[in-house]
Amino acid sequence: GNTFSGLGGSGSEHGDDVGEQDSLTVGLSIDEIEQLTAPAHESHLARLERLSRREKVVEVFKSVTFGTVMGQYSFLLFLALVLLIIGTIGWMQTTGTQDYDTSLDQSIWLSYCMFIDIGTQTAVSADESWQIKLTVAILSFFGFCFNLTFLSVVVDNVRTLLDRLYTRYSQLFARKHVVILGWTSKTLFLVNELISMFDDNGGKGDIIIMGNSISRYEMLRTVELTFRRRNPPKPRGVRIRVWEGDSAEEDDLTRLSINTARFVVCLSEAEDPRMADAQVLETLLSLQSLDLEDQVTGTIIAEVRTGDGRRVLNELNQHTERDVLAVQSAQAVDKVIGFTSLEPTVGEALIELISFEGNNFFFENLDPSWVGMKFGEIRMRYPLCVLCGVHSSPKDASGKTVGAQVFIAPPADRVLQLHDRLLLIGIDRQSAIVINDSNNGRTGRVHVARHAKTAFSKLLLALHVFKLRRRNKRTASANAAVRASGKGVPGDGALERSLAARHNQSQTVVVIGWRSAREMADLVRVLSKMLLPGSEIHFLSAVDEGVRSAALREEMGFLAALTDLAGGVSSVSIVHHTGSPLASGAIELLPLRIAAVAIVIADPGSLTLVEDKDLYVKGAARLRDARVFHITTLLRKAAPLMRIVPMYEDILTYRLLRRKDVFIESGTGVNAVLHRNSLETGLIAMQADDPTIVFVLSQLLTLDDASGQKIFSVPMDSAWADLEMGKLEGAAAQLAFRDVANRVQAFNGHVLIGYYDSRMGKVVLNPPGKKTRKREWLPTDELVLLRASVARARV
């Protein structure tokens with residue numbers, strides 16, 4: 001016989017006991033394997049084969065009678081017939097009444113009436129004998145029980161039939177709506193951004209969410225609890241609808257009226273970046289495999305987490321008729337984290353611009369009467385917005401766009417063309433319908449734009465101005481309250497130290513917490529490009545140091561092979577510390593005294609992958625936010641003056657921190673709160689609204705531009721000296737925002753979009769009353785600028 005000792009067989013060398021030698025299973029013979037693989041219970045067919053003919057008939061009769069719907073109905077009818085016969089015989093044994101005697105035909109009719117309608121017993125007089133009363137009561141009781149049973153079976157079968165028909169034919173009917181495929185911790189943030197987008201654009205529509213990890217009832221309940229107290233409230237014309245289904249199933253996709261959707265957003269429920277990209281790709285392939293009449297006619301937007309995922313989608317676009325817009329929002333948010341940590345003014349400006357809830361970028365069509373004018377001549381034409389650039393989209397003879405580009409802060413002498421669009425920063429698109437006739441913005445008549453001269457547009461303008469005035473009034477009241485409370489006054493010295501730290505960094509960054517190796521590698525890549533050579537990044541996590549180092553080295557090596565990363569990371573040292581971030585003793589071991597900033601990320605801690613997956617829908621993001629808040633509190637006590645950048649995820653935490661500033665500011669330190677999911681979904685919503693905006697944001701977030709950062713901040717005292725405006729004190733410091741913007745543009749062509757108010761401790765973009773409201777500029781203020789250069793981003 002053959003021996004299989006190398007595969008784990010237990011046979012002898014000489015080949016005896018062949019049964020065991022021929023087995024590829026460790027320590028088991030063929031007989032033992034057959035015994036293990038034998039079914040634990042006898043099958044129905046095997047049982048019928050060994051039964052006698054009579055037993056087989058009985059078995060089949062039971063199966064047909066009680067195992068089929070028709071059999072059950074037949075059994076119930078047979079039972080009704082038996083009860084009817086018993087009732088007839090029972091009545092014939094009585095003496096009868098004046099209305100019903102004991103003959104066969106009247107006994108049958110009385111038995112049927114008592115059986116089918118219990119109200120018939122009320123026709124029996126109270127003077128009748130106890131025998132007749134007892135017979136009537138018994139017949140009515142059994143008839144009542146049978147009718148309840150029979151009707152319950154009918155109702156159950158009808159309910160099953162209706163459920164089957166609903167499952168087969170149910171569909172959500174909508175047009176020009178938004179479809180979100182995937183219920184994740186980002187879904188509600190994305191819905192919030194889409195609501196703000198509809199509000200800004202003055203539009204209405206449906207937002208349909210489809211998820212398969214949570215029931216439809218739970219989705220409806222979560223949406224209701226989240227948005228019922230939204231401020232500002234959800235517009236009347238916007239409806240949020242949910243659907244339970246699988247985004248990889250074609251049948252579920254067609255039920256969402258996906259062929260008439262304005263755009264479709266694909267999200268992934270997986271935590272691992274590579275697995276998330278695989279799930280998104282699965283959804284996209286399902287969308288591409290739909291029938292021709294069910295194909296998506298709107299824009300398809302997919303969230304990708306890795307560079308590989310983006311390359312796969314680019315390859316997929318080569319073989320499909322409708323391109324998929326890939327948004328790598330996670331890497332963009334990593335850059336925002338870097339700016340917020342090391343250049344706080346720029347970071348806070350970017351956070352506001354990447355959302356529809358505050359000032360944001362948008363494009364406006366060029367007024368035909370402005371064609372041929374220079375860019376510098378219309379810079380002051382929008383009193384409610386800040387003009388930042390031009391989207392050039394020249395067309396050939398066939399009408400096809402050729403060589404489109406986005407120019408941020410173009411030269412003042414650039415001539416405007418027919419198909420140009422203007423890049424603006426404003427509260428919403430409605431702000432752009434207000435224009436000024438004069439070139440300097442000081443004189444001239446303010447009126448509604450020529451393309452919006454309708455009665456409705458004028459009413460819209462009046463409502464918009466009223467809304468702006470009410471918002472400015474609330475802002476002024478809040479600022480007055482802050483000044484009265486004494487917070488943010490430069491005299492306490494905290495702002496001077498904080499501002500000095502921004503420009504004279506100790507080049508030591510502390511990162512507390514750990515996520516996937518790919519996410520941490522992206523964060524290290526961004527920080528390494530922003531930090532000076534010789535800087536250090538200290539990590540503290542409960543994850544084993546060896547596991548973190550090996551995983552990070554593998555990811556960094558992989559990224560270095562794809563990008564020019566090796567030189568950037570080698571100049572920055574990475575130091576790992578092992579310990580629980582929830583313990584103050586571990587936090588105190590970090591170099592907090594020399595650290596410029598601490599970034600707090602949710603650490604999974606002791607949760608296993610299975611537990612984390614189970615808690616995903618039930619509040620895993622909220623649990624991680626609780627850990628971040630716990631770590632931030634400990635960190636603030638250990639380092640009162642250090643800047644802390646905690647990153648939260650859950651939408652309820654987002655609402656809490658927006659209402660309660662006490663959770664953000666503590667003592668003299670400042671916590672620059674970041675909501676990662678809010679930033680990522682803001683990028684997705686902006687690409688959905690206008691894909692060209694992504695090219696604008698990509699220029700602002702670039703770290704490799706030889707000409708320098710596209711968005712940057714300058715201390716007011718330095719800017720004042722460069723502009724040669726004398727001393728920054730007294731009446732000279734009392735200037736309107738528009739006056740400072742004009743001087744900056746005349747000096748070097750930069751575009752002033754806002755400033756850091758050191759009194760309030762916050763960044764103000766597109767301030768109200770730009771040309772008339774004067775403010776006192778302090779040396780500790782900062783100007784937020786867009787660098788004057790021609791953009792090279794191809795659209």
Counting only residues that are out of contact with any Lys or Arg (no Cβ under 9 Å at 6 or more places or on another chain), closer than 22 Å to Phe189 by Cα and of a type in the set (Ser, Thr, Tyr), region 237-290 contains a total of 2
Across (1) modelled with pLDDT of 90 or more; (2) part of a loop (DSSP other than H, G, I, E, B), Asp127 clears everything bar (1)
Counting only residues in region 388-397 that are open to solvent by 10 Å² or more (accessible area, probe 1.4 Å) and under 35 Å from the mean Cα position of the chain (by Cα), the one nearest to Leu700 (Cα to Cα) is identified as His391
Here the residues within region 352-390 that are in contact with a helix residue (DSSP H, G or I) (Cβ under 9 Å, 6 or more places away or on another chain) and in a strand (DSSP E or B) are Asn360, Phe361, Phe362, Phe363, Glu364, Asn365, Val386, Leu387, Cys388, Gly389, Val390
The strands (runs of 3 or more DSSP E) lying entirely within region 243-342 that contain at least 2 residues which are modelled with pLDDT under 90 are 324-327
Restricting attention to region 741-756, the residues that are under 13 Å from Met380 (Cα atoms) and buried (at least 21 other Cβ atoms within 10 Å of the Cβ) number exactly 4
Taking region 247-269 and keeping only residues that are open to solvent by 20 Å² or more (accessible area, probe 1.4 Å), in contact with an Asp or Glu (Cβ under 9 Å, 6 or more places away or on another chain) and within 25 Å of Glu649 (Cα to Cα), one is left with Ser247
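Kindly indicate which of Gly568, Gly579 is modelled with pLDDT under 80 and either of a type in the set (Gly, Ala, Ser) or under 33 Å from the mean Cα position of the chain (by Cα) (or both). Outline the logic, then answer.
Numbers: Gly579 fails: modelled with pLDDT under 80.
Answer to the selection: Gly568.
Residues of region 757-772 being farther than 18 Å from Ile427 by Cα and open to solvent by 10 Å² or more (accessible area, probe 1.4 Å), which ones? Before you say what the answer is, go through the steps one by one.
Filtering region 757-772 down to residues farther than 18 Å from Ile427 by Cα leaves 757-761, 772.
Result: Asp757, Arg759, Met760, Gly761, Thr772.
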Within region 342-355, identify whether any single residue is among the charged types (D, E, K, R), more than 19 Å from Val763 (Cβ to Cβ) and out of contact with any Ser or Thr (no Cβ under 7 Å at 6 or more places or on another chain), and answer yes or no.
-> no
Checked against (1) open to solvent by 10 Å² or more (accessible area, probe 1.4 Å); (2) within 16 Å of Gln709 (Cβ to Cβ), Val312 satisfies every condition except (2)
Note on Val153: of the conditions (1) in a helix (DSSP H, G or I); (2) surrounded by 15 or more Cβ atoms within 10 Å (Cβ to Cβ), unmet is (2)
Of the residues in region 107-127, those that are open to solvent by 50 Å² or more (accessible area, probe 1.4 Å) and out of contact with any Phe, Trp or Tyr (no Cβ under 7 Å at 6 or more places or on another chain) come to Ile108, Trp109, Tyr112, Ile116, Asp117, Gln121, Thr122, Ala123, Ser125, Ala126, Asp127
Taking region 219-236 and keeping only residues that are open to solvent by less than 80 Å² (accessible area, probe 1.4 Å), more than 19 Å from Lys204 (Cα to Cα) and free of Cβ contacts under 8 Å to residues at least 40 places away in the same chain, one is left with Met219, Thr222, Leu225
Output for Cβ contacts, cut-off 7 Å, separation at least six or different chains, first residue open to solvent by 80 Å² or more (accessible area, probe 1.4 Å) in region 156-173, second in a loop (DSSP other than H, G, I, E, B) and modelled with pLDDT of 85 or more, reads Phe173/Ser257
Scanning region 148-174 for residues that are of a type in the set (Gly, Ala, Ser) and under 41 Å from the mean Cα position of the chain (by Cα), the one farthest from Met70 (Cα to Cα) turns out to be Ala174
Is it true that some residue in region 216-236 is over 23 Å from Glu649 (Cα atoms) and either hydrophobic (A, V, I, L, M, F, W, C) or touching a helix residue (DSSP H, G or I) at 6+ places or on another chain (Cβ under 6 Å) (or both)?
yes
Just one listed residue, out of Glu282, Glu357, is over 28 Å from Tyr755 (Cβ atoms), among the charged types (D, E, K, R) and open to solvent by 10 Å² or more (accessible area, probe 1.4 Å), and it is Glu282
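The values are calculated or read from the model by the stated rules, or taken from the named source; none is laboratory data. Note that the structure is predicted; figures quoted are calculated from it, not measured. Note that each Cβ is placed from the backbone with ideal geometry, even for glycine, and that neighbours are counted across all protein chains shown. These accessible areas exclude ligands, DNA and RNA; they are computed on the full protein's heavy atoms, side chains included. Shrake-Rupley method; radii C 1.70, N 1.55, O 1.52, S 1.80 Å.
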